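No value in this document is a laboratory result; all are computed from the given coordinates. Keep in mind that this is a model prediction, so the values were computed, not measured. Here the Cβ is made from the backbone with ideal geometry for all residues, glycine too, and neighbour counts use every protein chain on show.
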Amino acid sequence: MRVKLKLTLVILLAVIVPIVTVNIFSSAHIKNISVELTMQNTDNIISSQAENINYYFEDISAAAKELVSLESVKSYVMESNQDGFSVPADSEEYLSITARLRGMMDHDPSLTKTMIINNSGMIVASADENDVGKRMTKHSGLFETAVESNGISAFSMSGDKDNNIPSFYYVKAIYSHNNELLGIIYEMYNTVHLQRIINNAQIDKYTTVAVMDSTGGILEYPYKTVKSYTNHEGYGKASEYIRGLLAPADERTQEERSFVYGKKAQRRTVFSKRISSCGWTVLAISNTHSLESSFNSRKSAILNLAIILIVLAIVGMFVFVHCFSRPIDEIMRILQKKQRGDTAVQFEVHSNDEFRQIGRAFNTAFDEIFESEQRYNTIVEITNNIVFEVNFKKNTVTVSKSFNKKFSYRPKDDSVKESFLYNLYVHKDDKDRYLADIDRILGPANFIQGEYRVKSIYGDFIWIMIKATKFFNREEIPTKIVGVIMDIDKEKKSEMHLIQKASYDALTRLYNRETFLKSLTEQIELSSIKKTLDAMMFIDLDDFKFFNDEYGHACGDEVLKFTADTLKELCFERGFAGRFGGDEFVVCLTNLTLYGDSGKVAQELIDTLGKGFISESTGIKLTIHCSVGIAFLRESGKTTEEVIAAADEAMYNIKKHGKSAYAYAKSAQANAAEAVMDEIDEIDMLR
């Protein structure tokens, strides 16, 4: 009895004294911490909202940038700036551009108007055909917006009288290859998507979130109008702070993320986060006084809860000491030994009640767990693969020790976002696909399998395969993910080597004859569909036999390699090349602007080979001459054989008349001559 009484008093004091002490001395501290955490949470949330809005603007900019980079758009807008221009409503170029503009609006429901405007303010293309041909009266201001704030305007009210809604527009300049301004892309957006981003902010009821544009216009719930911050009940009292946010970056005198004004019941806190892609700012204003008052009102509830806990603790301690002290002490002793690694210890409960059954069940369970852990650890240790596990409940990721043998850092058992899953150095060409797969298995997918290139511990990229599957509890709620990382570098590179060996010429590393013919056939079909200007060059080295007879086959191989390297440089981003056989080479030039462009490439090849190179096998400088025949894909034949035959015939005409030059196939000579005359006329006009 004395032992039980002492144990009861000690446990009661150990429970009651801390509860009372914490309740008395920590109420104010808890309130301050709670308020501070709430403020910090608000700051984090608006930072997240600013980042989401920034991503939105980056998507808008990327879509516009893709459009202005198109050659068809540049040439069309350049043509529209000429005197006497009229919109070619039936031309393929105009219809293609209009279709793209409509596609942009279909992709983004917030995009209400999109058009292309030339330097004179004329709308030369639009998703709405009713706008085409009209002139923007204030287009000069749009050109200024295109270079300010990354093209993002301030808020404005748009729509008809009965449906006037807050909107903004985005402007992107269109430049020629000579960096001359040709016009702009003008896009009008409503604020529905911005409203959705703002509404996603999960903030307490005493805080409101808004977006401020570069001129101080405030957009906030219920999003029916835009008002200046100077006319806003809350932000107007923080005018000096707001003006500092609106100042240019080089003139800004403060970078505080928050500002407090007012006293007692009027105390407010303004939070801000600038959006990096433009001059906008995400704002939040919090009623600090009401927030603190809400915590004060909870003190009595905390006190009542403390009293209830004390009463329950007293009752519970007596029941615990009287009924369960000795069996539980035995259970705790065994558990402690198990935790210290004593796997042989067993529960020995001598009572005939449920504790004995619990003890036997624990013994059986621990034996099975021990065997399961041994099997799992043995498999993980003996395999060369890396095993990882994601625990949804703890939000942690664990990985086997073999990880650091493959990669350049030792992973920690950390949260999902900070784990190796998001810190693995993945090759830039595979990164988007890798992150998409990781997001899928962490989200809706139950299984993933993918192959990616990652940086190894030696600094090079190796191929790995990741397989991962998701596990669920009885309620079909995901509990964890178990995955394996396998090194497939040797197999993958062997496979790629076989593919490359079958597609490329062993000496020159250009396409072999079969691969080039296949690629040329595909390009002929593509050219027929897209109506592009593409050409094929047939190249024969003049007097190549001289190098083999005079200096040996090693020198001849050097000549072939130098020719191949020259073709690779000339064809970079212009097309593709191959070795047709012996000293014959072939090139396909794609997406040419003028017929004469192919002749320029041919002359550049002749000039480069004519400069020669220093032979390693002979130590002397060798110059190379070649004859080039040019045929255009859609004009010199409908099949691969016809196009090659036309280029080959043009090349042999050069061979018969002096060599070391180029010539067009008969069907293309007229077009090439016309292109040259057009270039001469254009030069005369510039003079």
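Converting phi to 3J(HN,Hα) with the Karplus coefficients 6.51, -1.76 and 1.60 and the offset θ = phi - 60°, the range 280-290 yields 7, 9, 8, 10, 9, 10, 10, 7, 4, 5, 5 Hz in sequence order, with x at every glycine or proline.
Averaged over all directions, how much area does the convex hull of the C-alpha atoms of the range 508-650 cover when projected, in nm²? Could you put the intermediate results ahead of the total?
On the way: hull surface 31.9 nm².
Dividing the Cα hull surface by four gives the mean projection, 8.0 nm².
Between I165 and K531, full extension at 0.36 nm per residue minus the direct alpha carbon distance yields a gain of 127.4 nm.
With 0.36 nm allotted per residue and the present C-alpha distance subtracted, the E491-A436 stretch has 17.4 nm of extension available. The Cα atoms of the range 159-202 give a gyration tensor whose axes a ≥ b ≥ c have a/c of 1.5 or more with a/b no greater than b/c, which makes the shape oblate. Each residue of the range 593-602 was assigned a 3J(HN,Hα) from its phi angle through the Karplus expression (A = 6.51, B = -1.76, C = 1.60, θ = phi - 60°), giving 8, 10, 4, x, 5, 5, x, 4, 5, 4 Hz with x at Gly and Pro.
Using only the Cα atoms of the range 175-283, what semi-axes does the equivalent ellipsoid have when each is the square root of 5 times a gyration tensor eigenvalue? Give whole Å, largest first.
Details: eigenvalues 185, 70, 29 Å².
Whole-Å semi-axes of the equivalent ellipsoid: 30, 19, 12.
If R0 equals 41 Å, the separation of the Cβ atoms of D128 and K428 corresponds to a calculated FRET efficiency of about 0.55.
Please compute the length gained on full extension between T593 and K205, using 0.36 nm multiplied by the number of residues separating them and subtracting their Cα-Cα distance.
Numbers: separation 388, 0.36 × 388 = 139.68 nm, distance 6.12 nm.
Result for the pair: 133.6 nm of gain on full extension.
Once you order the gyration tensor axes a ≥ b ≥ c over the Cα atoms, which shape class does the range 83-185 get: rounded for a/c under 1.5, otherwise prolate or oblate by comparing a/b with b/c? Cα axes put the range 83-185 in the oblate bin.
Using the Cβ-Cβ distance between L181 and T398 with R0 set to 56 Å, the FRET efficiency works out to roughly 0.45. For R509, nonlocal amide neighbours, meaning residues 5 or more places apart or on other chains whose placed amide H falls under 5 Å from its own, do not occur. Distance between the modelled labels on S72 and L9, one decimal in nanometres: 9.4 nm (7 Å Cα→Cβ projection).
What nm distance separates the two modelled labels at Q82 and E51, each placed 7 Å from Cα along Cα→Cβ? The two pseudo-label positions are separated by 5.0 nm. Here the Karplus relation 6.51 cos²θ - 1.76 cosθ + 1.60, evaluated at θ = phi - 60°, turns the backbone of the range 236-243 into coupling constants of x, 7, 10, 4, 4, 5, 5, 4 Hz, with x for every Gly and Pro.
Using R₀ = 22 Å, calculate the FRET efficiency as 1/(1 + (r/R₀)^6) where r is the Cβ-Cβ separation of V482 and E418; round to 0.05. It would help to have the intermediate numbers written out before the result.
On the way: r = 20 Å, r/R0 = 0.90.
Efficiency, from the Cβ-Cβ distance: 0.65.
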